[in-house]
Amino acid sequence: MTTKNNIILSKELLHISDFESQLVENCTISLDRWLLEDKQLLKIFKVSLRLEITDQIDRIADDLQSIPLIAVDFRNADDCRVCAQVRILRSVWRYTGEIFAFNANRNRVQLMLRCGVDSFDLTYQHGGFDVQNYVDALSFYERAV
């Protein structure tokens, strides 16, 4: 299940590895590949950036406002660095585009929203997650990190 702006929807993003030569529409690529690719080609294919916990955001400071979507891997959400990375994108770098969390755990929905995530793709590994669970997760009183 994928949600955006409190609406449950379906979103499929293809994550292209650094070793795949062909870009496709609506895919994500790594920071290293983003820095090497032709910026016009990225615009044509509507390519988005995919960040890992260890990526240094300042490497793309000049490109940030031209990136419509940044996908962040929340597989290691317990690490807390990923939450800080999202918060830094919003508060320090003033990123206004969409932040998409993938490999997200439904138990972390509220935390992701409080950090600044706009949309997320929930894994089903922890049981069902329905509209009521999502609505319940929207009640919070302060932002995170």
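Neighbour counts of other Cβ atoms within 10 Å put Ile29, Ile44 in the fewest-to-most order Ile44, Ile29.
The stretch between Ile67 and Arg90 holds 6.9 nm of extra length on full extension. This uses 0.36 nm per residue minus the Cα-Cα distance.
The label point for Asn76 and the one for Val24, both projected 7 Å from the Cα toward the Cβ, are 2.8 nm apart.
Ordering Thr28, Leu49, Cys115 by Cα displacement along the dipole of region 3-119 toward the positive end leaves Cys115 in first place; charges were set at the Cβ atoms of Lys, Arg (+1) and Asp, Glu (-1).
Its Cα centre serving as origin, region 5-96 has a Cβ charge dipole (Lys and Arg +1, Asp and Glu -1) of approximately 400 debye.
Stretched out straight at 0.36 nm per residue, the stretch from Leu36 to His15 would grow longer than its current Cα-Cα span by 5.9 nm.
No value in this document is a laboratory result; all are computed from the given coordinates. Note that this is a predicted model, so its numbers are computed, not measured. Virtual Cβ from ideal backbone geometry, glycine too; neighbours counted across all protein chains shown.
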